[in-house]
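> Take this structure, written in structure tokens, and hold onto it; I'll ask about it next.
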């Protein structure tokens, strides 16, 4: 890849990348017939003025000479739809005592008291540097919107969003308790989110109430949240049914209320793990409702495989993934995303969407159509974030893409692809994932401010 990188560095202005292999799902519709058994097509990509000027069958484009990729794969820049930059890289000081989801919540709630603008900025900036180096162009982060740290964290992330807007486009979700939308200060809260270009969020649980009362209260809160979204023209992104318990069934309530308000395409539901353990008849009914409502679902494979069905001293029996194949077969938009990295919810992760994709393919048995699933980390989340750009390799789109030293899907997923080449606006990025020593140094500096 070093020689290829050198050729890209010499390429300037207009050039043609010949002999690229691209998932058909990410190409113009008229090229669909080029796909092979892996869902890949051999194409040429013409770059001019920082954009793709043409995409055509391999060895057919004429133009300024550029690198011959010789069958290497090219994917559009990644989009990471569901992360938590406010919690990232707090694991060392706020570990999860028992490894469970309740243990993670308890650890992070206690850590809120340590959050300060400088150290939060250092942690989140490091995360974005990782994402950028791995090839991500857009990222949505949920931010805890309750507690004394909430306003500070939101303002810190606003400044970070502005600083990073030419590299990674950051969206912010106000992840508030559902009761927030029923309280006296609800409109002030929603207005603040709207004025700062945010997304309304929450977790579809009503803790402390018996099941019948919790269901009723959740219904009222969902009605209020979605009504606020309609009034202020906001998108909604919820944590839904993050559990391997069949009785966790709020997704159906979200779908029904979304459809009633005509909010299709504007509401994303994350996790939805309990779908995998519900009875077939129940699951089919819920998926029908999600399809009819125009809901989108984002699965978080790294975190849900790590947390779900977890108990000390016991090997998990369940995977914790939602039924990805069935969701997709229903025509429901489905994305894959990083979720938590290096915190009490997930001890690992580096905001590498290829890692997310690889683990979803392996554990969700998506390998027979892995080429089609490439859209779940590119075009689908890009469409849901609605920041401009299709997340596809099409004429007129920005020349933002990642080149991998692999021709087929199995070889792509066999290795970490740490030598990938990231191209933005047609130019090679001279960037690598930052050293953890840099994070430690930044946190040490923040601690003295």
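> Compute the label zone of residue 231 within segment 183-213: residues whose backbone N is under 20 Å from the point 7 Å along Cα-to-Cβ.
Under 20 Å, as judged by backbone N against the label point of residue 231, lie 183-203 of segment 183-213.
> With a Förster radius of 35 Å, plug the Cβ-Cβ distance of residue 165 and residue 32 into 1/(1 + (r/R0)^6) and report the FRET value to the nearest 0.05. Kindly include the intermediate steps, with their values, before the conclusion.
Details: r = 34 Å, r/R0 = 0.97.
Taking R0 as 35 Å, the efficiency between residue 165 and residue 32 is 0.55.
> Find how much the distance from residue 314 to residue 184 grows on full extension, using 0.36 nm per residue of separation minus their present alpha carbon separation; answer in nm with one decimal.
So the chain would gain 42.3 nm between residue 314 and residue 184.
> Given only helices, namely DSSP H runs of n ≥ 4 each adding -39500 (n - 2.57), what is the per-residue ellipticity at 222 nm of the chain, to the nearest 500 deg cm²/dmol?
-11000 deg cm²/dmol
> Quick one: order 386, 167 by neighbouring beta-carbon count within 10 Å, fewest to most.
With the fewest neighbours first, 386, 167 line up as 386, 167.
> Turning to a different aspect of this structure: Which order do the peptides 331-344, 357-370 take when ranked by the mean count of other beta-carbon atoms within 10 Å per residue, highest first? Don't jump to the answer; show the numbers that get you there.
Details: 331-344: 24.8, 357-370: 17.9.
Those peptides, ordered most packed to least, come out 331-344, 357-370.
> Next question, about the same structure. Please say if segment 362-410 is rounded, prolate or oblate, where rounded means a/c under 1.5 for a ≥ b ≥ c the square roots of the C-alpha gyration tensor eigenvalues, and otherwise the choice is prolate for a/b larger than b/c and oblate otherwise?
oblate
> Have a look at the DSSP beta bridges in the chain and tell me what percent are antiparallel, nearest 5.
If we restrict to bridges inside the chain, about 40 percent are antiparallel.
> Moving on to the next point. What number in nm² do you get for segment 327-387 if you take the convex hull of its Cα atoms and divide its surface by four? Write down the numbers at each step before the final one.
On the way: hull surface 19.2 nm².
The Cα convex hull of segment 327-387, projected and averaged over all directions, gives 4.8 nm².
> Now for a different question. Can you compute the modelled spin-label distance between residue 209 and residue 368, with each label point 7 Å from Cα toward Cβ, in nm?
It works out to 4.3 nm between the two label points.
> Another question, if that's okay. Based on the alpha-carbon set only, what is the convex hull volume of segment 101-218 divided per residue, in Å³?
Once divided by residue count, the hull of segment 101-218 is 126 Å³.
> Compute the helix-to-body angle for 250-260: its Cα long axis versus the longest principal axis of the chain, expressed 0 to 90° and rounded to tens.
Helix 250-260 sits roughly 80 degrees off the main axis of the chain.
> To continue, here is another question. For the Cα atoms of the chain, what angle does the longest principal axis make with the long axis of helix 436-447, in degrees from 0 to 90, nearest 10?
Compared with the principal axis, the helix lies near 50 degrees.
> Taking other Cβ within 10 Å of each residue's Cβ, how do 140, 411 sort, fewest first? Mind showing how you got there, number by number?
Working: 140 27, 411 13.
So the residues, fewest neighbours to most, are 411, 140.
> Another question, if that's okay. Of all DSSP beta bridges located in segment 1-80, what percent are antiparallel, nearest 5?
Antiparallel bridges make up about 85 percent of those DSSP assigns within segment 1-80.
> What nm value, rounded to one decimal, do you get for the distance between residue 256 and residue 288 when each label is placed 7 Å out toward the C-beta?
About 1.4 nm separates the two model spin labels.
> While we're here: What's the angle, to the nearest 10 degrees (0 to 90), between helix 101-111's Cα axis and the longest principal axis of the chain?
Helix 101-111 sits roughly 90 degrees off the main axis of the chain.
> Still on this model: Applying 1/(1 + (r/R0)^6) with R0 = 35 Å to the Cβ-Cβ distance of residue 247 and residue 152, what FRET efficiency is obtained, to the nearest 0.05?
For R0 = 35 Å, the calculated efficiency reads 0.40.
> Please report the relative contact order for segment 316-427, taking Cα pairs under 8 Å with a sequence separation of at least 6, and give it as a percent rounded to a whole number.
For segment 316-427, the relative contact order is 19 percent.
> Sticking with this one: When only Cα pairs under 8 Å and 6 or more residues apart are kept, what is the percent relative contact order across the chain?
Relative contact order of the chain: 23 percent.
> Same structure, new question: Specify the inter-centroid distance of segment 180-234 and segment 358-412, based on alpha-carbon positions, in whole Å.
About 33 Å separates the Cα centre of segment 180-234 from the one of segment 358-412.
> For a paramagnetic label modelled at 7 Å from the Cα of residue 387 toward its Cβ, which residues of segment 126-150 fall within the zone defined by backbone nitrogen distances under 19 Å?
So the set is 126-144.
> If you project the alpha carbons of segment 138-296 onto their three principal axes, what span does each projection cover, largest first, in Å?
48, 34, 28
> Fewest to most neighbouring Cβ within 10 Å: what's the order for 196, 88?
196, 88
> Name the shape class, rounded, prolate or oblate, that the alpha-carbon gyration tensor gives for the chain, where a ≥ b ≥ c are the square roots of its eigenvalues, rounded holds for a/c under 1.5, and otherwise prolate holds if a/b is larger than b/c and oblate otherwise.
prolate
> Relative contact order (percent) for segment 163-234, with alpha-carbon contacts under 8 angstrom and 6 or more residues of separation?
Details: 68 pairs, mean separation 26.4, N = 72.
That works out to 37 percent.
> Another one. On full extension of the chain, what length is gained from residue 223 through residue 431, given 0.36 nm per residue of separation minus the C-alpha to C-alpha distance?
Full extension of this stretch gives 70.3 nm more.
Here, each number is a calculation from the coordinates, and none is a lab measurement. What you see is a predicted model, and the numbers here were worked out from it, not measured in a lab. Methodologically, a virtual Cβ is constructed for each residue, glycine included, from the backbone with ideal geometry; neighbour enumeration extends over all protein chains shown.
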